[in-house]
Amino acid sequence: MAAGDTVLGIDFGTSSTIAMLRTPEGRVRPLLFDASPLLASGVYAGTHRELLTGVDAEWAALAHPGGLELNPKRRIGILGSPDCHVDGPATPSRRRQNQV
């Protein structure tokens, strides 16, 4: 890591995830997800192989509650199946952070 790089720090918690950026100038700021610094860590695996996180996962679960894992960190190694392969439970959250 070079001195002038932007640095991303992620705290993948059991129920909430937060991500912070440190700029080359040394300022630290949170990444916002739907105007909030907290992203619910929940993951929804849908019937059409889509993976959703945060509030999107919770809303999708209203129609298909069995697809929601509110605390994926507790289920490492269990989440995922031949029908919906996931590299790890944090993958959808990382994908969402990459979109910010």
Using θ = phi - 60° and Karplus 6.51 cos²θ - 1.76 cosθ + 1.60, couplings along the range 36-42 (whole Hz; Gly, Pro as x):
10, x, 9, 10, 4, 6, x
What FRET efficiency would be calculated for the residue pair A35, A63, taking the C-beta separation as r and a Förster radius of 22 Å, to the nearest 0.05?
0.35
The long-range amide H neighbours of G42, using H built 1.01 Å from N in the peptide plane and a cut-off of under 5 Å, are G54
Highest mean first, what order results for 52-59, 15-22 on Cβ atoms within 10 Å?
52-59, 15-22
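FYI, it's all coordinate maths here, none of it is from the lab. Keep in mind that this is a model prediction, so the values were computed, not measured. Virtual Cβ from ideal backbone geometry, glycine too; neighbours counted across all protein chains shown.
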